[in-house]
Amino acid sequence: MGVFEVAQAEGHEEVLFGSDPESGLRTIIAIHSTALGPALGGTRFYPYASEDEALTDVLRLAKGMTYKSAAAGLDLGGGKAVIIGDPRTDKTERMLRAYARVIDSLGGRYVTAEDVGTTTDDMITISRETKHVSGLPAEYGGSGDPSPATATGVLAAIRATARHLWGDDDLSGRRIAIQGVGKVGSSLAEQLVKSGASVIVTDTYKPAVDHAVSAYGAKAVGIDEIYDVECDLFAPCALGASFNESTIPRLRCEAIAGSANNQLATTADADRLIERGITYVPDFIVNAGGVINIQEELHGSYSWERAARALEGIGDAVTRVLTRAQAEGATPVIAARHIAEERIESVGGLRLRRRPGEPTSPTN
Ligand code: NAD
């Protein structure tokens with residue numbers, strides 16, 4: 001399939017290819033939707049094996065951002081950018097600034113943030129050429145590392161799941177298994193223990209496990225053993241595709257809610273979880289804390305208090321999704337997609353009716 005066929009099949013508004021021969025920049029920015037606001041999504045700097053692979057990834061990720069922001073009730077659309085290359089050896093100031101000028105040429109239709117292979121420092125470099133960048137450190141007026149916000153959002157999701165399943169969001173005495181105690185998982189472990197839950201953790205990086213054990217009294221288990229742990233809820237906070245046809249039969253939890261992106265290996269795994277009687281709360285609902293935090297930054301002056309209040313909204317979103325899934329006999333993934341699509345139709349449709357003099361593209 002050609003680029004236009006692929007982009008049109010998934011409903012993308014715009015795909016921009018940018019290059020700078022001097023620095024070797026090769027970037028693709030995908031704007032999936034600006035129906036609800038500027039397309040927000042991070043910049044992934046990754047050594048893709050081919051341009052096709054990079055294009056497939058950026059289109060998929062941009063569309064995912066549209067759904068995440070729409071379901072979270074944000075005034076943001078979905079976009080994503082990739083830079084093809086090895087961030088450790090290829091990244092230079094010139095390349096990042098050339099990339100920033102490509103972002104700037106979009107006039108605010110796309111707003112970037114950090115992602116795999118890019119850092120807060122890179123966002124500072126990018127901000128020297130464009131104002132359409134977020135996730136800047138606090139001393140630059142930004143919201144800084146999004147991980148604590150993401151973890152706070154995951155906790156709100158876990159509480160709402162508990163209320164839905166067990167009639168009470170009190171987590172004392174609950175057993176939660178956390179796969180991956182990095183930036184999000186470790187903050188989540190801390191907040192869960194403060195809420196009276198006990199945590200069972202695993203991580204491929206031993207110092208991360210040791211920290212969770214000594215700081216939060218976590219019980220450590222092996223990398224593969226985590227799937228067999230008897231617990232109330234499993235929180236995947238490592239990489240994607242944890243749940244597949246071989247791990248799902250082993251699970252001994254009642255629910256899944258965690259921060260990792262793309263937790264299900266295939267769409268059939270949502271049905272496999274239903275068959276096992278396990279409530280799966282869709283990843284893009286649970287891990288929206290990062291974008292919610294960034295929306296607070298885009299208001300102009302970032303405040304953690306305001307962000308924390310907005311993060312509680314993730315609990316309401318989870319309740320809406322689980323209630324609707326139950327009522328319609330659909331998987332929570334399908335219910336969440338419908339909620340996002342309805343909001344894009346409804347609020348996005350309203351925004352198409354512009355007032356006289358209103359710009360045709362969102363500029364925040
Ligand atoms: P991180 O790199 O700080 O932590 C991930 C941890 O998982 C690391 O400690 C790593 O050693 C561990 N890990 C990797 N493979 C593992 C495996 N097979 N089993 C157990 N542990 C393993 O990343 P993070 O920022 O904490 O993000 C965690 C997940 O949440 C990622 O999937 C990320 O895409 C997603 N996410 C993060 C944010 C955020 O704000 N940081 C926002 C949305 C989504």
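Details
- Taking Cβ atoms as reference points and 13 Å as the exclusive limit, the residues near Ala257 contribute a net charge of -1, counting Lys and Arg as +1 and Asp and Glu as -1.
- Value of [θ]222 nm, deg cm²/dmol, for the chain, DSSP H segments ≥ 4, -39500 (n - 2.57) each, nearest 500: -13000 deg cm²/dmol
- Relative to the longest principal axis of the Cα atoms of the chain, the long axis of helix 183-194 makes an angle of roughly 40 degrees.
- The alpha carbon convex hull volume per residue for the chain rounds to 148 Å³.
- With contacts taken as Cα pairs under 8 Å at a separation of at least 6 residues, the range 61-117 carries a relative contact order of 26 percent.
- Helix 289-298 axis, angle to the chain major axis (alpha carbon atoms, nearest 10°): 40
- Cα-based helix-to-principal-axis angle, 93-105 vs the chain, degrees rounded to 10: 80
- Antiparallel bridges, percent of DSSP beta bridges restricted to the chain (to nearest 5): 30
- Placing a pseudo-label 7 Å from each Cα along the Cα-to-Cβ vector at Ser19 and Arg101 gives an inter-label distance of 1.6 nm.
- Taking a Cβ cut-off of under 13 Å around Asp224, the surrounding Lys, Arg, Asp and Glu residues balance to a net charge of -2, with basic ones at +1 and acidic ones at -1.
- Across the cross-link table entries Lys68/Lys183; Lys68/Lys91; Lys63/Lys194; Lys63/Lys206, which are compared at the Cα atoms, the separations over 27 Å belong to Lys68/Lys91; Lys63/Lys194; Lys63/Lys206.
- Between Thr319 and Tyr140, the FRET efficiency estimated from the beta carbon spacing at R0 = 51 angstrom works out to 0.90.
- Inter-probe distance in nm under a simple model that places probes 7 Å from Cα toward Cβ, at Asp121 and Trp304: 2.4
- Relative exposure of Lys68, Lys131, judged by other C-beta atoms within 10 Å (fewest first): Lys131, Lys68
- FRET efficiency for Asp224 and Glu245, using Cβ-Cβ distance with R0 set to 22 Å, rounded to 0.05: 0.90
- Other residues with beta-carbon under 12 Å from the beta-carbon of Trp166 carry, at +1 per Lys or Arg and -1 per Asp or Glu, a net charge of -2.
Read-outs throughout are calculated quantities, based only on the coordinates presented, and are distinct from any laboratory measurement. What you see is a predicted model; the values in this text were computed from it and never measured. Every residue, glycine as well, gets a Cβ built from its backbone with ideal geometry; the counts of neighbours run over all protein chains shown.
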